Amino acid sequence: MAAVELEWIPETLYNTAISAVVDNYGRSRRDIRSLPENIQFDVYYKLYQQGRLCQLGGEFCELEVFAKVLRASDKRHLLHHCFQALMDHGVKVASVLANSFSRRCSYIAESDAHVKEKAIQFGFVLGGFLSDAGWYGDAEKVFLSCLQLCTLHDEVLHWYRAVECCVRLLHVRNGNCKYHLGEETFKLAQSYMEKLAKHGHQANKAALYGELCALLFAKSHYDEAYRWCIEAMREITVGLPVKVVVDVLRQASKACVVKREFRKAEQLIKHAVFLAREHFGHKHPKYSDTLLDYGFYLLNVDNICQSVAIYQTALDIRQSVFGGKNIHVATAHEDLAYSSYVHQYSSGKFDNALFHAERAIDIITHILPEDHLLLASSKRVKALILEEIAIDCHNKETEERLLQEAHDLHLSSLQLAKKAFGEFNVQTAKHYGNLGRLYQSMRKFKEAEEMHIKAIQIKEQLLGQEDYEVALSVGHLASLYNYDMNQYDDAERLYLRSIAIGKKLFGEGYSGLEYDYRGLIKLYNSVGNYEKVFEYHNILSNWNRLRDRQFAVADALEDVNTSPQATEQVVQSFLLSQSHGAGRPCLG
């Protein structure tokens, strides 16, 4: 059943009563706290509507008050509005609540198991809210306090609680790019799983394996991410919370995309979108999560126009829920910026892409330290856009300024990636490739060649000879040799290799083929091979006709199954497609 619409539509008399209570807030403050949670929340929401944020902050910073407010679960959407407004106003309510909870856990360390169990359960709710709201550092503190309570009793119930706590902790550490700590958290969860197994108990591992898949994906360990997503899918059973099922489907889809298993990815992400929409509603953050991953799929299968539309919808949802300077909004801005950049690459109209890239950076730098890894991708996207704007600029001084700014952003992104992942990583290789393109625009051709070769070598070793990422770098090096270094034989060989990979992965209508075809036309013109010029003009014309017929779906959301398979069928279909001899992966 779809989630209830979360809007402020109280009855007139009721609204009048709430307004009267708020008007006399100073005198009735203590009495308000004795009201049922739904009525109490409505009073606080009216304070928010009237802009009385200092008074609202005073209420929400008290742990007992906020605990009661959290019980008004059907108003969670409105609670996010209030909470974000307080954070934007400078009331550090997230850290105040996390610190208060941590102190409470210290106080009850000697209390009986029932008291600790109650605190752990509340910690899961509080930490879950902070995590959903994007305040990962504060959520991490809450879950660490819960974990500490779990370790005080060496018994089955607390082993189960510790596993659940580790899953939640791994999620927020993934979100905050604390991957090394995330690996430690996974190993700790495994140790509790083993304890349970030795005593004849079994905990479902779907959520844990899904989070590990997300961690490995973020580190560009794509083979391992893919193998663990299979393990997560095997753990999906009847009765599992819908949120867990949706998240596992999302992660498995992304793992399939980077392994170029597009049909599997499509089935998984479309089912995730359907489940999220049906269960949570079309205004819920979880639905926006699935849309971002659907946009990722569409972008990677070259349905760029539709990916932009999906990313815009996801951003609209997140802005309506969180508004303000929120990390979830920032990531949606970044995804939309990059897809818009790709979509408008031929037209050169990058205003919209630049707006979203700058908005993402502004939000992230407002919330997080200047050396946070989340900035690497946002800076990279902005640098790519600035480079294209500079190339089309007719003012030499402006062009040089934009290219230098792009250079500084790329170098910053590269350093952040190397610090987090090391030299031998796909993300690092992407940054080398981006610098190669930039150096070509700056007419530093030897430096450009060096960067492209470095990118190709890393990508080939990690992804194989025929991966999409390899084709991108090969095509960029071909362009350098063709347009600026007159190394036509090398350029021709690289163009043909890039074309072969593109056709194999995406078919004859792949958008990236245009740049390779135009490059070959220019190359053959330069060497006087006019027969080849004519041949590739015809190929380019056929490609244009094919593109006109491709992706005829007017709305990608309409393409999501209207009569979907049951989740059990989707899972079984995916698992049956896997090799029967595949073994359990190891954490590398």
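Annotations
- Computed on segment 13-215, with alpha-carbon pairs under 8 angstrom and 6+ residues apart, the relative contact order is 13 percent.
- Backbone HN-Hα couplings from phi across segment 488-493 [Karplus 6.51/-1.76/1.60, Hz, Gly and Pro as x]: 5, 5, 5, 4, 4, 4
- Across the protein chains, with a 1.4 Å probe defining accessible surface, the residues 488, 209 rank 488, 209 from largest area downward.
- Surface composition of the chain: carbon plus sulfur atoms contribute 51% of the solvent-accessible area (1.4 Å probe, protein chains only, all chains present).
- Given +1 at the Cβ of Lys and Arg, -1 at the Cβ of Asp and Glu and no other charges, the dipole of the chain around its Cα centre is 880 debye to the nearest 20.
- Per-residue SASA entry for residue 379, accessible area with 1.4 Å probe, Å² rounded to 10: 40 Å²
- Modelled this way, with points 7 Å down the Cα-to-C-beta line, the labels at residue 351 and residue 419 are 3.6 nm from one another.
- With a simple spin-label model that places each label point 7 Å from the Cα along the Cα-to-Cβ direction, the separation between residue 457 and residue 55 comes to 6.7 nm.
- For segment 208-231 versus segment 18-36, the gap between their alpha-carbon centres in whole angstrom: 50 Å
- The 3J(HN,Hα) values that the Karplus relation (6.51, -1.76, 1.60; θ = phi - 60°) gives for segment 446-458 are, in residue order, 5, 5, 5, 4, 4, 5, 5, 5, 4, 4, 4, 4, 5 Hz. Gly and Pro appear as x.
- Span from the segment 79-111 Cα centroid across to the segment 498-530 one, whole angstrom: 57 Å
- With a cut-off of 17 Å on the backbone N, the residues of segment 336-356 near the modelled label site 7 Å out from residue 394 along Cα-Cβ are 348-349.
- Net lengthening on full extension, residue 508/residue 223 (0.36 nm per residue, minus Cα-Cα): 99.9 nm
- Cα convex hull volume per residue for segment 206-293 (Å³): 80 Å³
- Ordering of 95-102, 541-548, 307-314, 210-217 by packing [mean C-beta count within 10 Å, highest first]: 210-217, 307-314, 95-102, 541-548
- Nearest 10 degrees, 0 to 90: helix 530-549 Cα axis against the chain principal axis: 30 degrees
- Estimated from helices alone, the mean residue ellipticity of the chain at 222 nm is -25000 deg cm²/dmol (sum of -39500 (n - 2.57) over DSSP H runs with n ≥ 4, per residue).
- In degrees, nearest ten, helix 285-300 long axis to first principal axis of the chain (Cα): 10 degrees
- Inter-part distance where segment 260-294 and segment 367-395 are each reduced to a Cα centre, Å: 29 Å
- Over 20 Å apart at the Cα level, from the set 349/522; 219/254; 254/286; 75/286; 325/419; 264/504, are 349/522; 325/419.
- Spin-label model distance (nm) - residue 64 vs residue 39, 7 Å beyond Cα toward Cβ: 1.9 nm
- Considering all C-alpha pairs of segment 456-548, those separated by over 15 Å amount to 58%.
- With R₀ set to 51 Å, the beta-carbon distance separating residue 154 from residue 316 gives a calculated FRET efficiency near 0.55.
- Percentage relative contact order, the chain, counting C-alpha pairs under 8 Å, at least six apart: 9 percent
- Calculated accessible area for segment 446-540 comes out at 46 Å² per residue, all protein chains present (probe 1.4 Å; ligands, DNA, RNA ignored).
- Principal-axis analysis of the Cα atoms of the chain puts helix 206-218 at an angle of about 40° to the longest axis.
- Cβ-Cβ FRET estimate between residue 493 and residue 71, R0 fixed at 56 Å, reported to 0.05: 0.25
- Where segment 13-215 is the region considered: accessible area per residue in Å², 1.4 Å probe: 43 Å²
- Couplings for segment 363-370, taken from phi via the Karplus curve 6.51 cos²θ - 1.76 cosθ + 1.60 with θ = phi - 60°, read 5, 5, 5, 6, 9, 10, x, 5 Hz in order; Gly and Pro are left as x.
The values are calculated or read from the model by the stated rules, or taken from the named source; none is laboratory data. Please read these numbers as outputs of a predicted model, since none were measured by experiment. Because the Cβ atoms are built from the backbone with ideal geometry, glycine has one as well, and the counts that use them run over all protein chains shown. These area figures cover heavy atoms from the full protein model, side chains too; ligands, DNA and RNA do not enter into them. Shrake-Rupley method; radii C 1.70, N 1.55, O 1.52, S 1.80 Å.
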